[in-house]
Amino acid sequence: MKDFQRLTEVSRPSRYLGGELGSRPKDFTQVDLRMVLAFPDVYEVGMSYLGFPILYRILNDLDYVAAERAYAPWPDMAELLERDQAPLASLESGLPLAEFDIIAFTLQYELSYTNLLGMLKLAGLALRREERSEEDPLIVVGGPCAFNPEPLADFFDCAIIGDGEEAIVELAAAVRLARQEGLSRRLLLDRLASIEGVYVPSLFEVDYKEDGQVAAIRPLKEGYEQVRRRFLADLETASFPTEPIVPFMQTVHNRVAMEIARGCTRGCRFCQAGYIYRPVRERSPQKIAELVDEALANSGYEEISLLSLSTGDYGCIEPLLKGLMAKYAEQRIAVSFPSLRVGSLTEELMEQIKKVRKTGFTLAPEAGTERMRQLINKGITEEDLLETTNNAFSLGWRLIKLYFMMGLPSETDEDLQAIIDLSARVKRSGRGTQGGADVNVAVSTFVPKPHTPFQWQPQLGIDETLRRQALLKDGLRAKKLRFKYHEASLSYLEGVFARGDRRLGRLLEAALAEGCRFDGWREHFDFAKWQRAFVVAEIDADWYLRERCEDEILPWDHIDCGLPKDFFVKERRKAMALQGTPDCRGGECSACGVCDFEQIKMRLQQTQKLPVTVSSRPVVSDGDLRFRVRLRLAKRGRARMVAHLEYLTMFQRAVRRAGLPVRFSQGFHPTPKISYLEALPMGVESEAELVDIELSRPLAADEVASRLATQLPAGFTIVAAEIPPASTPSPSASVGASTYRVPLPAAHQSLDQMITDFLAREQVDYVYLKKGVEKVVNLRPAVLSLAQVENELEMCLTKGSPLRVASYLLQLDVESVRQLGVRKIAIELR
């Protein structure tokens with residue numbers, strides 16, 4: 001939907017605008033293949049997933065491919081699309097998804113499956129593969145959940161298993177060639193099956209026993225008994241998006257996300273990611289620094305996040321962190337990374353982290369007793385944890401966040417009590433330190449995942465989950481500790497699909513018919529709908545949480561993650577015997593079977609200093625010298641749908657990208673000294689927005705304007721620039737009045753009498769609702785003049801919203817006025 005004005009009817013319109021800096025629309029007439037990367041969750045979640053921009057860049061670097069994006073529309077937008085019978089479309093061009101050649105979905109978590117089906121439905125496509133035509137797009141899935149894609153097997157055409165950077169290119173080339181040759185869908189899928197890492201579910205038949213277990217997984221193509229995951233051999237030479245898409249809105253991770261390593265060798269037995277992303281491949285610190293510098297210059301972000309499954313284990317983490325912080329300190333760019341592993345934290349590393357993370361310190365001991373940590377192969381002791389938390393509090397942290405799991409194999413109530421006691425000891429470890437000694441405890445419910453040593457284990461049912469959560473809740477409250485947990489019904493549903501089979505396809509269809517969407521969001525998850533779907537689909541959900549036998553055929557046995565099944569059996573038995581498996585990073589191979597020690601092998605970085613070269617970007621300043629530049633901007637088209645706070649963030653990042661030496665405020669959280677006019681109502685265009693920028697050294701107004709002009713997204717235009725006199729007040733204090741035009745609805749009668757009556761009165765009360773409470777405002781004092789100019793209402797106001805004045809005069813509600821296309825056409829300076 002590219003009718004931007006209609007977006008005033010939905011929350012967070014910037015989710016659907018497109019046109020962000022870094023997006024790469026192409027001319028479809030110049031390409032052979034149109035592909036849309038689809039994320040089955042809302043925009044701000046999907047934009048935070050690192051794999052998306054990697055594939056987006058790789059595909060758009062191919063001259064024959066145009067790759068665009070689509071995200072699951074929030075329920076209000078989905079209702080709007082259904083009401084208007086408008087198909088779900090891509091962000092870049094607004095092309096309906098059904099008109100693409102390939103729709104490639106990312107499967108990050110099981111609770112997004114109904115969104116995937118919902119997106120197909122909104123696109124006007126049949127859900128089941130056999131019901132789609134030869135002209136319909138090829139449906140591809142990938143991501144971690146593709147390692148057991150069986151619950152969705154009836155809906156997609158093929159899956160990429162494992163690393164996608166090279167496989168997606170080979171798939172695109174194969175589809176392009178098949179289209180040129182005029183191959184049928186069946187022959188195309190047969191050809192795609194020859195690509196390493198591509199799984200075609202229609203080339204397998206699954207038989208079931210009377211008791212419901214899988215009897216056989218029968219390949220229908222000779223030599224296609226198993227699908228081995230795809231490996232990216234070396235991260236050092238892999239493509240990385242150094243021109244990231246910069247969203248208008250605040251996303252979950254709104255920063256430069258730098259993948260410093262892929263894979264983990266710790267061997268935590270519950271962790272699927274630790275097995276399916278082996279072996280460890282690290283980027284060199286020099287390469288990381290190079291990519292980060294480019295990404296910062298092209299994005300204007302204020303923070304770098306160093307990402308991997310275990311960032312603290314990165315071979316050069318201390319010199320890398322120290323070097324990056326030194327390089328960008330003067331630009332006030334923060335460096336951060338996610339939760340830390342106790343065993344990887346040194347005092348020097350904690351000292352570095354403290355410089356940029358002073359509020360929360362996150363650790364994941366996972367279990368409360370030494371026995372349970374041995375069982376899961378966590379490899380840390382209580383002493384290690386308490387020493388680390390004491391150091392953190394001593395260094396000034398005010399809050400420790402602890403992550404645990406409950407429901408792990410052989411867990412008892414004593415193990416749960418140990419979580420309470422250990423958390424209390426962590427709190428006590430902060431006594432007498434300069435930190436606040438505050439502790440938050442988050443406990444998730446263990447969900448057995450495929451391709452792990454615990455894939456055979458039973459999962460807690462809802463009632464037992466609730467009982468254990470109550471035990472933890474009461475115990476932690478008694479210790480004055482805050483407790484967060486996952487809803488029992490959400491974990492239950494996740495467990496059903498995590499180890500599910502093809503029969504769950506009919507459950508997904510029934511849930512979709514019940515209206516299930518955004519099941520991972522508490523405000524939209526409705527377990528009652530799922531219970532009705534279980535009945536309709538005749539699915540015994542409890543059966544999927546049962547313990548499996550080690551010799552049982554599992555629904556994902558034809559998916560080869562690179563580690564043989566017998567390795568997981570051995571690890572499971574070692575777990576029950578409380579035997580550890582050492583981290584092979586230290587030199588002792590655990591014989592997991594993933595490496596061939598030629599191409600597929602660990603690629604580690606040896607400790608080395610990162611040469612520190614202070615960034616060539618202009619240094620920001622908070623010194624005494626100040627030089628002001630005033631700009632006049634226009635906001636047109638999609639720009640009028642950018643909310644005010646989003647506009648401020650967008651402009652600040654444009655200033656960073658332009659390399660302007662902006663001054664910063666003083667204090668703990670310095671901000672750039674940029675001043676704006678008061679917020680425009682959402683959906684109102686403007687030809688006259690003022691912005692003042694304070695610089696630490698003089699620059700010509702034209703130079704500032706030209707440097708900024710290339711950094712502003714489509715719809716934002718600089719129309720004038722000047723150096724104002726030193727006595728000039730701020731933008732908001734400079735404007736005496738603003739003039740607006742409102743197109744009149746079709747066949748609207750003359751407003752002359754309404755205007756005359758309005759101007760003749762001293763008080764014009766306008767009634768509106770604010771948070772459900774009726775309020776009254778007098779409109780008259782702010783109105784200087786009113787006139788009907790041909791088919792438009794013109795209003796000159798000293799302050800206030802033009803929407804309310806127009807609403808009163810046109811006898812329409814505010815939202816209907818907003819739909820008319822209000823414009824600010826001029827301002828009068830004092």
Q. When you scan segment 189-232, how many residues do you find that are outside any strand (DSSP E or B), among the aliphatic types (A, V, I, L, M) and more than 18 Å from residue 144 (Cα to Cα)?
A. 6
Q) Within segment 177-193, is even one residue free of Cβ contacts under 8 Å to residues at least 24 places away in the same chain and either acidic (Asp, Glu) or within 27 Å of residue 550 (Cα to Cα) (or both)? A) yes
**Q.** Residues located in segment 359-384, provided they are out of contact with any Phe, Trp or Tyr (no Cβ under 9 Å at 6 or more places or on another chain) and of a type in the set (A, V, I, L, M)
**A.** 372, 375, 380
Q: Return the pairs, sorted by first residue and then second, in which the second residue is in a strand (DSSP E or B) and among the β-branched types (Val, Ile, Thr), the first residue lies in segment 104-117 and is touching a residue at least 12 places away in the same chain (Cβ under 8 Å), the beta carbons are less than 6 Å apart, and the residues are 6+ apart or on different chains.
A: 104/140; 105/141; 107/141
Q) Pairs under 9 Å by beta carbon, first residue over 23 Å from residue 42 (Cβ atoms) and aliphatic (A, V, I, L, M) in segment 58-73, partner part of a strand (DSSP E or B) and open to solvent by 10 Å² or more (accessible area, probe 1.4 Å), six or more apart or different chains? A) 65/34; 66/34
(Q) Restricting to segment 555-581, name every residue that is within 35 Å of the chain's Cα centre (by Cα) and either open to solvent by 60 Å² or more (accessible area, probe 1.4 Å) or farther than 12 Å from residue 269 by Cα (or both). (A) 555, 556, 557, 558, 559, 560, 561, 562, 563, 564, 565
Q) residue 467 is checked against (1) open to solvent by 60 Å² or more (accessible area, probe 1.4 Å); (2) over 30 Å from residue 151 (Cα atoms); (3) not hydrophobic (A, V, I, L, M, F, W, C) and fails just one. What number does that condition carry? A) (2)
**Q.** Flag for residue 130 being over 19 Å from residue 56 (Cα atoms), open to solvent by 10 Å² or more (accessible area, probe 1.4 Å) and either more than 24 Å from the chain's Cα centre (by Cα) or charged (D, E, K, R) (or both)
**A.** yes
Q: Confirm whether residue 387 is modelled with pLDDT of 85 or more, open to solvent by 10 Å² or more (accessible area, probe 1.4 Å) and in a helix (DSSP H, G or I).
A: yes
Q. Just to be sure, is residue 802 within 13 Å of residue 743 (Cβ to Cβ) and either out of contact with any Gly (no Cβ under 6 Å at 6 or more places or on another chain) or acidic (Asp, Glu) (or both)?
A. yes
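Quick grid of which residues meet (1) open to solvent by less than 20 Å² (accessible area, probe 1.4 Å); (2) aromatic (Phe, Trp, Tyr); (3) out of contact with any Cys (no Cβ under 8 Å at 6 or more places or on another chain); (4) without any contact (Cβ under 8 Å) to a residue 24 or more places away in the chain:
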| position | (1), (2), (3), (4) |
| --- | --- |
| 348 | no, no, yes, no |
| 369 | no, no, yes, no |
| 381 | no, no, yes, yes |
| 401 | no, no, yes, no |
| 409 | yes, no, yes, no |
| 414 | no, no, yes, no |
| 419 | yes, no, yes, no |
| 437 | yes, no, yes, no |
| 448 | yes, no, yes, no |
Q. Of (1) outside any helix (DSSP H, G or I); (2) buried (at least 22 other Cβ atoms within 10 Å of the Cβ), residue 483 satisfies all except one. Which?
A. (2)
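Conditions (1) crowded, with 16+ Cβ neighbours inside 10 Å; (2) touching a Lys or Arg at 6+ places or on another chain (Cβ under 9 Å); (3) in contact (Cβ under 8 Å) with a residue 24 or more places away in the chain, marked per residue:
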{"site": "734", "(1), (2), (3)": "yes, yes, yes"}
{"site": "744", "(1), (2), (3)": "yes, no, yes"}
{"site": "758", "(1), (2), (3)": "yes, yes, yes"}
{"site": "767", "(1), (2), (3)": "no, yes, no"}
{"site": "776", "(1), (2), (3)": "no, no, no"}
{"site": "788", "(1), (2), (3)": "yes, no, yes"}
Q) Tell me, which residue of segment 375-424 that is among the basic types (Lys, Arg) and closer than 14 Å to residue 440 by Cβ is farthest from the chain's Cα centre (by Cα)? A) 398
Q | Options 43, 16: the member that is modelled with pLDDT of 95 or more, closer than 28 Å to residue 83 by Cβ, touching a Pro at 6+ places or on another chain (Cβ under 9 Å) and open to solvent by 10 Å² or more (accessible area, probe 1.4 Å) | A | 16
Q | Which listed residue, of 166, 243, 236, is surrounded by 17 or more Cβ atoms within 10 Å (Cβ to Cβ) and within 26 Å of the chain's Cα centre (by Cα) | A | 166
Q: Determine which single condition residue 592 fails, assuming it passes every other condition in (1) modelled with pLDDT under 95; (2) touching a Pro at 6+ places or on another chain (Cβ under 9 Å); (3) open to solvent by 60 Å² or more (accessible area, probe 1.4 Å); (4) not acidic (Asp, Glu).
A: (3)
Q. Taking segment 265-301, which residues are in contact with a Phe, Trp or Tyr (Cβ under 9 Å, 6 or more places away or on another chain) and of a type in the set (S, T, N, Q)?
A. 272
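For segment 85-102, check the following and say yes or no: at least one residue is among the β-branched types (Val, Ile, Thr), in contact with a strand residue (DSSP E or B) (Cβ under 7 Å, 6 or more places away or on another chain) and within 26 Å of residue 145 (Cβ to Cβ).
Yes, some residue in segment 85-102 is among the β-branched types (Val, Ile, Thr), in contact with a strand residue (DSSP E or B) (Cβ under 7 Å, 6 or more places away or on another chain) and within 26 Å of residue 145 (Cβ to Cβ).
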Q: Give, as residue ranges, the strands (runs of 3 or more DSSP E) completely inside segment 656-769 that count at least 2 residues that are under 23 Å from residue 825 (Cα atoms), modelled with pLDDT of 95 or more and in contact with a Cys (Cβ under 8 Å, 6 or more places away or on another chain).
A: 735-743
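The values are calculated or read from the model by the stated rules, or taken from the named source; none is laboratory data. Given the structure is predicted, the values throughout are model-derived calculations rather than measurements. As a convention, Cβ positions derive from the backbone with ideal geometry for all residues, glycine included, and neighbour counts pool all protein chains shown. Heavy atoms of the whole protein, side chains included, go into the accessibility calculation; ligands, DNA and RNA do not. Shrake-Rupley method; radii C 1.70, N 1.55, O 1.52, S 1.80 Å.
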